[in-house]
Amino acid sequence: MYSPVRKDFVSLTLGAQHSHGYASGKQQRRSCWRKWKQLSRLQRSLILFLLAILLICGIFSYPSLLEQWRALSDRSLKEGSDNVEFQGLRPIPPGLVPKFIPGDVQDDPSQLLRPNAPILPKPPALKKPPSKRRSPVLQKRGNVSEWQAKDREEPSVRREEEQERETKTIISWRGAMIEAEQGTEPHPSAHRKETARPAELQGPAPLQPVAFKRVERVEAVREAFRHAWKGYRTFAWGHDELKPVSKTYGEWFGLGLTLIDALDTMWILDLKEEFEEAKRWVETELSFSKNVDVNLFESTIRILGGLLSTYHLTGDTLFLDKAKDIGSRLMPAFNTPSKIPFSDVNIGKGTAHPPRWTADSTVAEVTSIQLEFRELSRLTQDPQYQKAVDEVTRRVHRLDGKHDGLVPMFININSGKFTHRGVFTLGARADSYYEYLLKQWLQGGKKEAALLEDYLQAVEGVKRNLLGQTSPSKLIFVGELSHGRLNPKMDHLVCFLPGTLALGAHNGLPADHMELAVQLMETCHQMYAQMETGLSPEIVLFNLKDPAGRDIDVKPADRHNLLRPETVESLFYMYRFTQDHKYQDWGWEIMQSFNKYTRVPSGGYTSIGNVRDPVNPGPKDKMESFFLGETLKYLFLLFSDDPELVSLDKFVFNTEAHPLPIWPSTS
């Protein structure tokens, strides 16, 4: 034992010539790095080993998200159909078999039979107070410890709590009405009597066939949007993205990306109260005069496209004014020697630059901004926007390096020529180039022959070079061509193609485009159906050799699902043009899987890391803005039987699902 009078200390003396080093964090970091490099390899290894030991001890000392997920999965397996947590769904009482309703199901009702499927009740009408608008549904039944614990409120209790919230709300820092934080979730036995489940419904429901009215599916999408919006509004209001598991937010551009992306979805879903609140944020909080770098492509399709679409749907000039503002701030991207735009723009400084690691832009990024800028020129009568993007289209049209209409993935902003030649894909970095060829032709009234020529040539190139067929089930897929060799790899992003092919066939293009669309739609469906969670991975590999194996394999690094919209987008087009109800059923299966594996009870939906593991899908704690902007919008339109709800003869969707009008013939 040390003597009480003994004191250990370290004396550190700094010379005056070195004292300024502490005024700069950057110099301090460099000094630390030099000291680290001066240590011997053995010393550094010991330090890293000790840090690893501390990390492992920390993992084993505290409850982890993984343990919560596993506990939830065990619980959900035990509860069976009792674990239905959206829109106040109720299991089927024993002995009750709902009858099929004429006109609400297919001629073959067996395709709608679902074991343990929930009945979707019609949501109760909520009465508005006479003197003030009802605040949005944002109640939190406490901090739920399990990631996917079920919602227990009955509709009657929800109505009662909404009335209570009108007098028990506080103002958040963003000015949104939210409810004060409550304690932890009580044990089920402590719930009020109204929320207790009837005794006859306590056990797992028996297997019963259930038929869903289409109107109930539409309401289920509305409820899913409200649930996702509740999470965003409560934990990420005014920020770019919701992190639903950690109940916080992530920033990309700092421009309220999710809110802007979801504006036209709220209008289409007739969620007017949520829309009005978001509109007030756009009017009072949204400013583009920020010293921030934004990606030209992403900000064009999400922000500019979302504002233009909302203007056309509502007629409110607020959104057009905001669209003019962001559009003009993006124009410095086109100040390059080749007229191929930079990938990044500082919207506050008015400067632009390529990515830090390359002088290349991706072909999809520079050729998938045309719909939005062309429309901005038409509305403002300012030709600069359309002139800039049309010049990009003309240059790409004339470029060497294409293969049967297929384009490489990269283009150099200095030379204006394709780079990394020899690899051709309809997946990431090239996908929406092909989509926008057709859609620009439609937007302009089918007058621009060069666009149609490039599109038709590209479809022939796909059929000639990229199509393959699996050995087990003869599924047709779109692979990648790598230096003359077909790679049986297909991104989920490629599932935009069935819908695009169907749209072209609907507008008079060859009938075999529709035949290919039907085949590829089946393949995209199987990318969901053959996964244990019912959700597609990001990338799949197809089996070309083993007739006894599975059609689809997935590498561990590709098993994540980001709540992407491409498959439900194509299902929407296929149903609109064929009226085949199987496409609605496939979309409903996807919707149910989203609710089962990605829904977070406190609000929001999360990406997951492993679609092959239903016990531990692995939440990634991120809800991309396109889940509200695209996925739920396309599901709603898929389940709706109103062909005039965003008519495909009057509107063309941009690649972020924002509808823009087809120009009048006089344009």
Can you tell me how much longer the chain between K349 and A428 gets when fully stretched, taken as 0.36 nm per residue apart minus their C-alpha distance, in nm with one decimal?
-> 25.4 nm
When only the heavy atoms of the protein chains count and the probe is 1.4 Å, how do W252, W267, W357, W586 rank by accessible area, highest first?
-> W357, W252, W267, W586
Multiply the residue separation of V518 and T358 by 0.36 nm, subtract the distance between their alpha-carbon atoms, and state the gained length in nm to one decimal.
-> 53.7 nm
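Give me the net charge of M531's neighbourhood, meaning all other residues with Cβ under 9 Å from the Cβ of M531; Lys, Arg count +1, Asp, Glu -1. Don't skip to the end; give the middle numbers.
Working: positive: R559, R612; negative: E532.
Spelling it out: positives minus negatives among the neighbours equals +1.
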Low-density loop cleavage sites - trypsin sites (Lys or Arg not before Pro) in the stretch 497-590, where at most 12 other Cβ are within 10 Å (DSSP) | K545
What net charge is computed for the residues neighbouring V245, neighbours being all others with C-beta under 9 Å from the C-beta of V245, Lys and Arg scored +1, Asp and Glu -1?
-> +3
With every protein chain kept in place and a 1.4 Å probe, the residues F225, F297 fall, from largest accessible area down, as F297, F225
With every protein chain in place, what's the accessible area of L399 (1.4 Å probe, Å², nearest 10)?
-> 30
Residue-count net charge about F342 - beta-carbon cut-off 14 Å; Lys, Arg +1, Asp, Glu -1 | -1
When only the heavy atoms of the protein chains count and the probe is 1.4 Å, how do R599, R394, R329 rank by accessible area, highest first?
-> R394, R329, R599
With θ set to phi - 60° and the Karplus curve 6.51 cos²θ - 1.76 cosθ + 1.60, what are the ³J(HN,Hα) couplings of the stretch 504-511 in order, to the nearest whole Hz, using x for Gly and Pro?
-> x, 4, 4, 9, x, 7, x, 5
Can you work out ³J(HN,Hα) from phi for every residue in the stretch 538-546, in order, using Karplus 6.51 cos²θ - 1.76 cosθ + 1.60 and θ = phi - 60°, giving whole Hz and x for Gly and Pro?
-> 6, 9, 10, 10, 9, 8, 9, 10, 9
Quick one: Debye curve from the alpha-carbon atoms of the stretch 622-667 only, equal weights, vacuum; give me log10 I(q)/I(0) at q = 0.15, 0.34 Å⁻¹ to two decimals.
-> -0.45, -1.24
Over the Cα atoms of the stretch 335-464, how large are the radius of gyration and the largest Cα-Cα distance (Dmax), in Å?
-> 14.6, 47
Which pairs in the list K247/K650; K247/K272; K272/K339; K324/K596; K322/K387 are over 32 Å apart, alpha-carbon to alpha-carbon?
-> K247/K650; K272/K339; K324/K596
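The values are calculated or read from the model by the stated rules, or taken from the named source; none is laboratory data. Keep in mind it's a predicted model, so treat the numbers as computed, not measured. Don't worry about glycine lacking a Cβ; one is built from the backbone with ideal geometry, like all the others, and counts go over all protein chains shown. Accessible surface areas use protein heavy atoms only, side chains included; no ligands, DNA or RNA. Shrake-Rupley method; radii C 1.70, N 1.55, O 1.52, S 1.80 Å.
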